[in-house]
Amino acid sequence: MTEAWMRVRRMLLGAFGGLYHDLIGSRSPLGAAAVILDADDRVFLVQHSYGRRNWELPGGGRKANESMEQTVHRELREETGVEVVIERLSGVYYQPHIDHHHFVFLCHVTPGSQASANSPEILTCGYWPITALPRPISDFTLLRIDDARVGRPFTSIAVVGRRQWIDDPAAWLRERRDRG
């Protein structure tokens, strides 16, 4: 376990006690994703090749005996070939309707790392300006991007509902900021 993950683990144990074991234990499926921002504040997204062919943060499900940080690194390599440095945990999200816990990390790409759609699940990938995000995109994706960009300290697990498909991502983000 890396030092950064140990700090996160200690924080989760201190803040949530037994809930931490529910999150990390085998009873709950776990996933991880990366919010990757470039120097121009564009966000890196992948387009799925299945379902709605929606745009999403790169990431996926945790494998046995894998830390959430390892999950992010593996998923990014598998989906896009990108290597990243994890800056910080930006949020943990719980989806009760599917009993899924999702860890999101703010990352930056390792210099020289080039992205390409390396997986049959991914049609394409690339950077998008926050003011011109592609569609279809969900409120869950926008929520995780916004939480990472704003840099709010991670203090609690966010409970989220079923995904809603957003017609105007820029307006959704503005409205969220206006609500505080």
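The values are calculated or read from the model by the stated rules, or taken from the named source; none is laboratory data. Source: prediction; values computed, not measured. Because the Cβ atoms are built from the backbone with ideal geometry, glycine has one as well, and the counts that use them run over all protein chains shown.
Tabulated data
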| read-out | value |
| --- | --- |
| Residue satisfying condition, being within 18 Å of Asp41 (Cα to Cα) and among the hydrophobic types (A, V, I, L, M, F, W, C), within set Leu133, Leu123 | Leu133 |
| Any hit, the range 123-135, residues being under 13 Å from the mean Cα position of the chain (by Cα), assigned to a strand (DSSP E or B) and within 22 Å of Ser49 (Cβ to Cβ) | no |
| For His100: the one exception among (1) at pLDDT below 95; (2) more than 16 Å from the chain's Cα centre (by Cα) | (2) |
| Test result for Ile98, hydrophobic (A, V, I, L, M, F, W, C) and surrounded by 15 or more Cβ atoms within 10 Å (Cβ to Cβ) | no |
| Selection count where residues are over 18 Å from Ala32 (Cα atoms) and modelled with pLDDT of 95 or more, scope the range 138-166 | 3 |
| Test: Pro153 is without any contact (Cβ under 8 Å) to a residue 40 or more places away in the chain, more than 24 Å from Gly81 (Cα to Cα) and assigned to a loop (DSSP other than H, G, I, E, B) | yes |
| Test result for Thr141, among the β-branched types (Val, Ile, Thr), part of a helix (DSSP H, G or I) and surrounded by 19 or more Cβ atoms within 10 Å (Cβ to Cβ) | yes |
| The range 115-137 residues that are more than 18 Å from Arg177 (Cα to Cα), paired with ones that are surrounded by 16 or more Cβ atoms within 10 Å (Cβ to Cβ) and of a type in the set (Lys, Arg) (beta carbon under 7 Å, 6 or more apart) | Tyr127/Arg42; Trp128/Arg42 |
| Identity of the residue in the range 39-83, outside any helix (DSSP H, G or I), in contact with a Pro (Cβ under 9 Å, 6 or more places away or on another chain) and aliphatic (A, V, I, L, M), that ends up surrounded by the most Cβ atoms within 10 Å (Cβ to Cβ) | Val46 |
